[in-house]
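Engineer: Structure below; questions to follow.
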Amino acid sequence: MSRPLIPDPALRYIAETFVEEDDLLRRVRAEGEAHRPGMQVSPVEGRLLYVLARLIGARRILEIGTFVGYSTLWLARALPEGGELLTLEADATHADVAEGFFRQSGQAASITLRRGPALDTLAAMPAQSFDLVFIDAMKREYAEYLTAVEGWVRPGGLILGDNSLLFGAMYGEPRERISPAAEAAMREFNQRLADPNRYDAILLPTAEGLTIARKR
């Protein structure tokens, strides 16, 4: 049996030391776990998204894959006054739940949720500029998401991809059945972001892997 990338006691220590969830974040995370366990980022990863957005002074953020809004709220809380976050969600039920939580937050005015398949939404959007793009949606479409958005990320901006170890498939120890299309897409996604001529990038061994790429 393979060992976890980061032992649970280490994650607990990190969370206890660096992560403070208020009541709303706890409720959003609990709702997400009730819908689909393991679907959303962990509290440690949520805090990491917040810190990365703050580090680059992100004012415009694009999120591909809202689920019930846990990662959305972490990112939205990093925005300065007047900042904007656009989040895309294909599942109507998840979108309804997320919007309910957004209305309870202090970030509702900065968040816009668009419903429908992400690739269709992206194709219909005019060219624009984002400081940070966070991708956490259909794994078999990661390379297509990258193609759609990388021209919209400003120099010095970030592209972040969650689940980029693909449940162990990227290093030969898949913990669940992975389609060949998803594996091929994730390999292409990581390899393109690893290009040192275009990005400064690394894949962090979080529970599921988080690729972080700064556009040159």
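Engineer: Determine which member of the set Asp136, Asp96, Asp120, Asp131 is in contact with a Phe, Trp or Tyr (Cβ under 9 Å, 6 or more places away or on another chain) and among the acidic types (Asp, Glu).
Structural biologist: From the options Asp136, Asp96, Asp120, Asp131, the qualifying one is Asp136.
Engineer: Now, a different point. State which residue pairs qualify: first residue part of a strand (DSSP E or B) and inside region 162-185, second residue surrounded by 13 or more Cβ atoms within 10 Å (Cβ to Cβ) and among the hydrophobic types (A, V, I, L, M, F, W, C) in any location, beta carbons under 7 Å apart, and separation of 6 or more residues or different chains.
Structural biologist: Partner pairs satisfying both residue conditions: Asp162/Val41; Asp162/Ile135; Asp162/Leu210.
Engineer: Hey, among the residues in region 60-109 that are of a type in the set (Ser, Thr, Tyr) and closer than 19 Å to Val41 by Cβ, which one's surrounded by the fewest Cβ atoms within 10 Å (Cβ to Cβ)?
Structural biologist: Ser105
Engineer: Quick one: would you say Ala143 is outside any loop (DSSP other than H, G, I, E, B), surrounded by fewer than 22 Cβ atoms within 10 Å (Cβ to Cβ) and aliphatic (A, V, I, L, M)?
Structural biologist: The answer is yes for Ala143.
Engineer: Could you identify the single residue in Arg114, Arg154, Arg103 that is at pLDDT 95 or above, basic (Lys, Arg) and assigned to a helix (DSSP H, G or I)?
Structural biologist: It is Arg103.
Engineer: State which residue pairs qualify: first residue more than 16 Å from Arg12 (Cα to Cα) and inside region 29-48, second residue polar (S, T, N, Q) and in a helix (DSSP H, G or I) in any location, beta carbons under 7 Å apart, and separation of 6 or more residues or different chains.
Structural biologist: Gln40/Ser71
Engineer: Look at region 41-60 and say how many of its residues are part of a loop (DSSP other than H, G, I, E, B) and either modelled with pLDDT of 95 or more or aliphatic (A, V, I, L, M) (or both).
Structural biologist: Residues in region 41-60 being part of a loop (DSSP other than H, G, I, E, B) and either modelled with pLDDT of 95 or more or aliphatic (A, V, I, L, M) (or both): 5 in total.
Engineer: May I pose another question? Is there a residue in region 26-34 that is of a type in the set (Asp, Glu) and in contact with a strand residue (DSSP E or B) (Cβ under 9 Å, 6 or more places away or on another chain)?
Structural biologist: Scanning region 26-34 turns up no residue that is of a type in the set (Asp, Glu) and in contact with a strand residue (DSSP E or B) (Cβ under 9 Å, 6 or more places away or on another chain).
Engineer: Follow-up. Which pairs do you get when a residue that is β-branched (Val, Ile, Thr), found in region 69-82, comes within reach of a residue that is crowded, with 24+ Cβ neighbours inside 10 Å and part of a helix (DSSP H, G or I), reach meaning Cβ atoms under 7 angstrom, with the pair 6+ apart or on two chains?
Structural biologist: Thr72/Ala98
The values are calculated or read from the model by the stated rules, or taken from the named source; none is laboratory data. Just so it is clear, the model here is predicted, and its values are computed rather than measured. For neighbour counting, all protein chains shown are included, and Cβ atoms are generated from backbone atoms with ideal geometry for every residue, glycine included.
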